[in-house]
1. Give me the net charge for the shell around Arg30: Cβ to Cβ below 13 angstrom, other residues only, Lys and Arg +1, Asp and Glu -1.
2. Starting from the amide H of Thr61, placed 1.01 Å from N in the peptide plane, find each other amide H under 5 Å away whose residue is 5 or more places distant or on another chain.
3. With all pairs of different alpha carbon atoms counted, what Kirkwood hydrodynamic radius in Å does the range 280-358 show?
4. Where the accessible area of the range 309-451 is counted over protein heavy atoms with a 1.4 Å probe, how much of it, in %, is carbon and sulfur?
5. Go through Tyr83, Tyr269 and list them by solvent-accessible area, largest first, probe radius 1.4 Å.
6. Once you have a ≥ b ≥ c as the square roots of the Cα gyration tensor eigenvalues for the range 72-162, tell me rounded if a/c is under 1.5, and otherwise prolate or oblate according to whether a/b is larger than b/c.
7. At a probe size of 1.4 Å, how large is the accessible area of Thr363, to the nearest 10 Å²?
8. Provide the per-residue ³J(HN,Hα) series for the range 385-396, in order, calculated from phi with Karplus coefficients 6.51, -1.76, 1.60 and θ = phi - 60°, each as a whole number of Hz, with x at glycine and proline positions.
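The values are calculated or read from the model by the stated rules, or taken from the named source; none is laboratory data. Just so it is clear, the structure is predicted and the values come from calculations on it, not from any experiment. Here Cβ is always computed from backbone atoms with ideal geometry, including for glycine, and neighbour counts include all displayed protein chains. Protein only, heavy atoms only, side chains kept; ligands, DNA and RNA dropped before computing areas. Shrake-Rupley method; radii C 1.70, N 1.55, O 1.52, S 1.80 Å.
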Amino acid sequence: MSDVIKKALAAKRESKHVEFKQGFDPNSGRGWCELIKDLAAIANSGGGIIVFGLDNLGVPTGESVEAIISIDPADIANKISKYTGLVDFEFEIRTLQKRGNKLVAFVIHPVSIPLVFEKPGTYDIGGGEQRTAFSVGTVYFRHGAKSEPGTSDDIRRVIERQLEYIRKSWVKGVKKVVQAPAGSQIVTVQSASRNARPLLATQVRVVNDPNAIAVRLTRDSALASGSFVHEEVSDALFEEVNNIIDANRILAKGQKDFFFGQRVYYRIYAERRHVRQSEESLALLLCNGIVDFYAPAFYWATALPDKFIAQILAELFLYPTNRHGHNLMRIGLLLGEDFCKWLLTKWQARWKDHPQPPSFYWTLKQMMKQMKDKNALLLAGRVSPTRNIEIEGEKPMIVKDMLEKPDQAANLVSKACMKVFQGDKDYTSTARDLDYLAYGSEIQKRASAIS
């Protein structure tokens, strides 16, 4: 058990790094705004924990925390980015026990750059009136047990914390050089004279092939060398989606990550039917969609052999963060009861006697009980048959109608992906859920081979 969890369970009052909440209503605008403010303040203050199910003295309230457990971690991250923009924010959801009461905790990692609110956190309080939890341009920190706007001292502490991190990174880097394996070389390049422009190494390569052409990255076209091509990103770049994938293969050769990031990935998925690429390129897109971005990606899976899908599921299984665990669990429901039983057996062996199993462990157990009575597509997609899917500018559609017409769901996936590419993060979960309705049945047909 990590120190911050031990500290929170033993604490008798809230503090700079520990926050207690009696409960949480996912349908409450006020609840979300106040939670997001506390998450940002704790992350800005060096990290900490929020525990649900305790009063302000750390005593269990007995209130159910199941509503919190059922929230998709990716949806929480999306709500935060809605107010702060795309930021590097990390947290873990853990289930805890205190005096026989089930609790849920958000373990929040520190951020290197403080989170700044780009949109106001307003919510209705009734009677046509609104209240603001945080304003545009504010940066919140923890002052004792309160989340309050930052001061000069808060910013100074952030800078000092980051400088300390950099110092430690330097020390690690020195150790790596000192401990370089036999045969390694350290090359330095010195200018011809003290006043001359610094020279760049001419034999720079990012591939293992010793015959590869050396490349110099420069803004000066007269000095350009090798085969690296640079052009400004403009609307014309997106006229042919394959150009983006080709450019990614050039810029990020040898890397597993998609070079251009999540928003451009959504742009490609919106035009996925026009993508004609090698299996390796499609596998790259599949991996980034499922593993890295937690985004719709089943179309790539339908175009790939079973082994590629199995490799991706294995990666989700071997590195079970909350997001990966939830994703593997949802895909597992499409693969059928036998796969889910196998997965639950593995997770039981790992988490059954653990003091705080991850939330996806409990969610899988609950969903397996519902498999006999519910359509697997609806269960995995976390959608009700009567849910009305609404995308701005499109005719609303009911989920049960799309079960019989997956092409309609596929069309809406494209529309939702374009909304995300244009900056509306609220459509990420919609696109993900629709992906199950559009292509989930194709995954089901291959369940036995993939398993």
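1. On the way: positive: Lys21, Lys37, Arg131; negative: Asp25, Glu34, Asp38, Asp124, Glu129.
Spelling it out: positives minus negatives among the neighbours equals -2.
2. Result for Thr61 returns Leu54, Asp55.
3. With all distinct Cα pairs of the range 280-358 included, I get 13.2 Å.
4. 49
5. Solvent-accessible surface, decreasing: Tyr83, Tyr269.
6. Judged from the Cα gyration tensor, the range 72-162 comes out oblate (a/c at least 1.5, b/c at or above a/b).
7. Here the residue's solvent-accessible area equals roughly 10 Å².
8. Values, residue by residue: x, 9, 5, 9, 8, 10, 10, 3, x, 10, 6, x Hz.
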